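Engineer: Take this structure, written in structure tokens, and hold onto it; I'll ask about it next.
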Amino acid sequence: MTTDRASASYAALRFEVVDAIATITLDRPDALNALTVPLKTELLAAFRAVARDRSVRAVVLTGAGRAFCAGQDLKERLEPDAAPLAVELRERYNPIIAAMRALDQPIVGAINGVAAGAGASLAFACDVRLAAEGASFVLAFGRIGLVPDSGSTWFLPRLVGPAKAAELALLGETLSAPDAERFGLVTRVVPPDSLAEEARATAARLAALAPVALALTKRALERSWSVDLDAALEDEAFRQGIAGATADHAEGLAAFLAKRPPRFTGE
Ligand code: LHQ
């Protein structure tokens, strides 16, 4: 089923929902999908629309053209009314990253090309990343005298370990897709022509799982970074209590015993 319920209200991105999968495509290919105020506003609105829509069970985030996202649109920064950097981060970037991490539905990043600066941060904030051969990650911030932002300093050490994170953040070296796979930053590197299909297939697998359990799992993984083992064990028990009370858990058990695929409804 295709739904264009929100597409009409977007200009700098494309938003479509097909078979419970929302695909968000950053759509400023001539500027390598660099982030302008309108694009950031729309991106936040798109994630908020997904958050409100229980019929969406997974999200794919990707870019149009040859790039995933080149980060902040640097030309826009020269405009006289550009907000101070700290304000821009607090009011526009940070809410997007927070919305992505708060989303119950899993986000598959389909990294189709270069992900630079805050574009890399967007990729890091996804739950699962697939990359096209030829895609790359670059913390380009230092090249323009800035510090990594939009969650990069938080995500990167957790994703690739502190030593590689320091190298990437300080030297700003480009990480190729195969190296990103080697460091566990991306799940798989695929030929460019099959990226959309592979991302969709991964999203479809996630969309077929029990939504409440997935959302609880996302929260538990995130919380694990800031608590000790005892707290994590208790947190798991608490969440399992919630998951165990869902109709989807009963359906999962019934399907297992009947040797049939489960049909999870999110109840
Ligand atoms: C661009 C951009 C771009 C505008 C390519 N803007 N046009 C947060 C708080 C607030 C402000 C500060 O920033 C932040 C967070 C950040 O994201 S800071 C980091 C910002 N991003 C960068 O510094 C990356 C800048 N871009 C590049 O280094 C290269 O373009 C990369 C490595 C991404 C790709 O290189 P190439 O494949 O060689 O492409 P290109 O450089 O030739 O770019 C193609 C076109 O895209 C070109 O336009 P043109 O009209 O000449 O064809 C570029 O000007 C445009 N473009 N990035 N961020």
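Engineer: Checking GLU173 against (1) modelled with pLDDT of 95 or more; (2) surrounded by fewer than 21 Cβ atoms within 10 Å (Cβ to Cβ); (3) at negative phi; (4) touching a helix residue (DSSP H, G or I) at 6+ places or on another chain (Cβ under 9 Å), only one condition comes out false. Which one?
Structural biologist: (1)
Engineer: Here's a follow-up. Please go through (1) touching a helix residue (DSSP H, G or I) at 6+ places or on another chain (Cβ under 8 Å); (2) surrounded by fewer than 23 Cβ atoms within 10 Å (Cβ to Cβ); (3) farther than 19 Å from SER121 by Cα for ARG52 and return the number of the only condition it doesn't satisfy.
Structural biologist: Every condition holds for ARG52 apart from (1).
Engineer: In the set ALA215, ALA237, ALA204, ALA245, which member is over 24 Å from ALA131 (Cβ atoms) and surrounded by 15 or more Cβ atoms within 10 Å (Cβ to Cβ)?
Structural biologist: ALA215
Engineer: It is to be established whether one or more residues within segment 85-93 are crowded, with 22+ Cβ neighbours inside 10 Å and modelled with pLDDT of 95 or more.
Structural biologist: Yes.
So that you can scan it fast, the table gives a plain yes or no per residue for (1) among the aliphatic types (A, V, I, L, M); (2) under 24 Å from PRO178 (Cα atoms):
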residue: LEU26; (1), (2): yes, yes
residue: LEU39; (1), (2): yes, no
residue: ALA49; (1), (2): yes, no
residue: GLU88; (1), (2): no, no
residue: LEU103; (1), (2): yes, no
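Engineer: Name, by its number, the condition in (1) under 11 Å from the mean Cα position of the chain (by Cα); (2) farther than 19 Å from VAL147 by Cβ; (3) assigned to a helix (DSSP H, G or I) that does not hold for VAL50.
Structural biologist: Against the list (1) under 11 Å from the mean Cα position of the chain (by Cα); (2) farther than 19 Å from VAL147 by Cβ; (3) assigned to a helix (DSSP H, G or I), VAL50 comes up short only on (1).
Engineer: Can you list residue pairs whose Cβ atoms sit under 6 Å apart, with the first residue in segment 111-124 being closer than 12 Å to LEU156 by Cα and the second being more than 8 Å from the ligand (Cβ to nearest atom) and among the small types (Gly, Ala, Ser)? Count only pairs 6 or more apart in sequence or on different chains.
Structural biologist: SER121/GLY151; SER121/SER152; ALA123/GLY109; ALA123/ALA115
The values are calculated or read from the model by the stated rules, or taken from the named source; none is laboratory data. The structure displayed is predicted, hence computed values, not measured ones. A quick note on method: Cβ atoms are made from the backbone with ideal geometry, for glycine too, and the neighbour counts reach across all protein chains shown.
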